[in-house]
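**Student:** One structure, as structure tokens, below. Some questions next.
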Amino acid sequence: MSFKHQIKKDINRNFFREFAERINFCGISVKALLNFKNQKGRKDSSIKSNTASLVLKKRDLPIKINIDEKITINSETYFVKNIKDELGLLEIDIERWEE
């Protein structure tokens with residue numbers, strides 16, 4: 001078994017089981033990690049951050065998303081800023097959509 005294959009297996013077996021939660025992504029129920037980023041210079045943790053990173057398994061997402069696209073997560077609208085595709089995982093940098 002290759003090192004890359006072992007990493008993918010560990011991610012699927014352990015990482016998502018321990019840390020992921022079920023979210024509604026554009027009407028699709030998927031397990032993902034949603035991590036809001038700290039705002040630089042802010043010491044008050046009650047302030048909600050506008051930027052976040054979303055990690056999910058590529059195979060769990062039956063739709064293709066693109067940079068600069070609007071998406072919804074748990075009924076909130078976000079703007080896709082960047083997408084990384086590594087080891088079968090999508091890491092999506094998002095920003096809260098303010099109208």
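**Student:** Out of Ile67, Ile71, I need the residue that is at pLDDT 95 or above, among the aliphatic types (A, V, I, L, M) and out of contact with any Phe, Trp or Tyr (no Cβ under 9 Å at 6 or more places or on another chain). Which one?
**Tutor:** From the options Ile67, Ile71, the qualifying one is Ile67.
**Student:** Residue by residue through segment 1-53, note down the ones that are modelled with pLDDT of 75 or more and in a loop (DSSP other than H, G, I, E, B).
**Tutor:** Residues satisfying the conditions are Ser2, Ala20, Cys26, Gly27, Lys37, Asn50.
**Student:** Being among the acidic types (Asp, Glu) and loosely packed, with under 12 Cβ neighbours inside 10 Å is the filter here, so list the residues in segment 56-75 that pass it. Write out each step before concluding.
**Tutor:** Step one: filter segment 56-75 for residues among the acidic types (Asp, Glu), giving 60, 68-69.
Scanning segment 56-75 gives a single hit, Asp68.
**Student:** Out of all the residues in segment 62-93, which are within 11 Å of the chain's Cα centre (by Cα) and either closer than 20 Å to Phe16 by Cα or of a type in the set (Phe, Trp, Tyr) (or both)?
**Tutor:** Ile73, Ile83, Lys84, Leu89, Leu90, Glu91, Ile92, Asp93
**Student:** Now, a different point. Show the residue pairs that are 6+ apart or on different chains and have beta-carbon atoms under 7 Å apart, the first residue being within segment 67-80 and in contact (Cβ under 8 Å) with a residue 24 or more places away in the chain, the second being assigned to a loop (DSSP other than H, G, I, E, B).
**Tutor:** Final answer for the pair search is Lys70/Trp97; Ile71/Cys26; Ile71/Ile65; Thr72/Cys26; Tyr78/Trp97.
The values are calculated or read from the model by the stated rules, or taken from the named source; none is laboratory data. None of these values were measured; they are calculated from a predicted model. FYI the Cβ positions are ideal-geometry reconstructions off the backbone, even for glycines, and counts take in every protein chain you see.
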